[in-house]
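Enquirer: Structure provided below as structure tokens; questions to follow.
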Amino acid sequence: AKDDPKGLAMSVKRVEKIVTQLNEEKGIPPSRVVLGGFSQGGAVALMAAYNRRKKDAIPFAGCICMSGWLPMKNYLDVSEKSATTPLFWAHGQYDEKILFDQQMYGVNKLEGVGVDVTAYSYPVGHESTSNYEEIDDMASFIESVLCPEDSEETPTYKYVQVDSSESSDNADETNVLLFYL
């Protein structure tokens, strides 16, 4: 299938808006945010993390792509700063919707520009919620990027609700749960 550049750009803009709000309103910098998504959400997370156009953009703590694909492959422009965002990419070997080859292609392309990729494959199709090993591996990745072993910080958890009343096109952001350390 063809990429939808306009739709991807709009989705990335939404992600950037939420991250900016977290920083401005709650004091959570992008360096403490892990972007992630499943399927198309994984593709959006990859675009938001690695195709950043702002020169002063702060890299994210991490990126998670579960059963997704690398969109806009021919226009990939990963800056040195963005490449410092580690990536966890999980994919089902028998995925009938997003073929397993998409993971291998994306991982090779991102590693080729300096991204630290942790890639896992599982003997499943296009599902994640029923694969507890995949969920455990993802949780370990999140812990490793937000609570590195050499860190002396004590983790704190907070519930953040994104207010979507500003714009009707943000209705799907209502009651978004974001946990951070």
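Enquirer: Taking θ = phi - 60°, what integer Hz values does the Karplus form 6.51 cos²θ - 1.76 cosθ + 1.60 yield along segment 79-86, in sequence order, with x for Gly and Pro?
Expert: Once rounded to whole Hz, the list reads 6, 4, 5, 5, 5, 6, 7, x.
Enquirer: I've got another one for you. Counting only protein heavy atoms and using a 1.4 Å probe, what share of the accessible area of segment 1-116 belongs to carbon plus sulfur, as a whole percent?
Expert: Accessible surface attributable to carbon and sulfur in segment 1-116 totals 53 percent.
Enquirer: Here is a further query. Please list 3J(HN,Hα) in residue order for segment 100-106, calculated via the Karplus relation 6.51 cos²θ - 1.76 cosθ + 1.60 where θ = phi - 60°; whole Hz, with x for glycine and proline.
Expert: Result, rounded to whole Hz: 4, 4, 5, 5, 4, 4, x.
Enquirer: Further, regarding this structure: Excluding residue 123 itself, calculate the net charge of residues whose Cβ lies under 13 Å from the Cβ of residue 123, where each Lys or Arg counts +1 and each Asp or Glu counts -1.
Expert: With Lys, Arg at +1 and Asp, Glu at -1, the net is -4.
Enquirer: With respect to the cross-link table entries 17/73; 26/109; 26/97; 17/109, which display a Cα-Cα separation exceeding 32 Å?
Expert: Over 32 Å apart, Cα to Cα: 26/109; 26/97.
Enquirer: Moving on to the next point. Given R₀ = 22 Å, FRET efficiency for residue 75-residue 126 by Cβ-Cβ distance, to 0.05?
Expert: Calculated transfer efficiency: 0.30.
Enquirer: At 7 Å along Cα-to-Cβ for each site, give me the label-to-label distance between residue 139 and residue 23 in nm.
Expert: Once both label points are built, they end up 3.1 nm from each other.
The values are calculated or read from the model by the stated rules, or taken from the named source; none is laboratory data. Quantities reported herein were computed from a predicted structural model and do not represent experimental measurements. Glycine also receives a Cβ, built like all others from the backbone with ideal geometry; neighbour counts cover every protein chain displayed. SASA here: full protein model, heavy atoms, side chains in, ligands and nucleic acids out. Shrake-Rupley method; radii C 1.70, N 1.55, O 1.52, S 1.80 Å.
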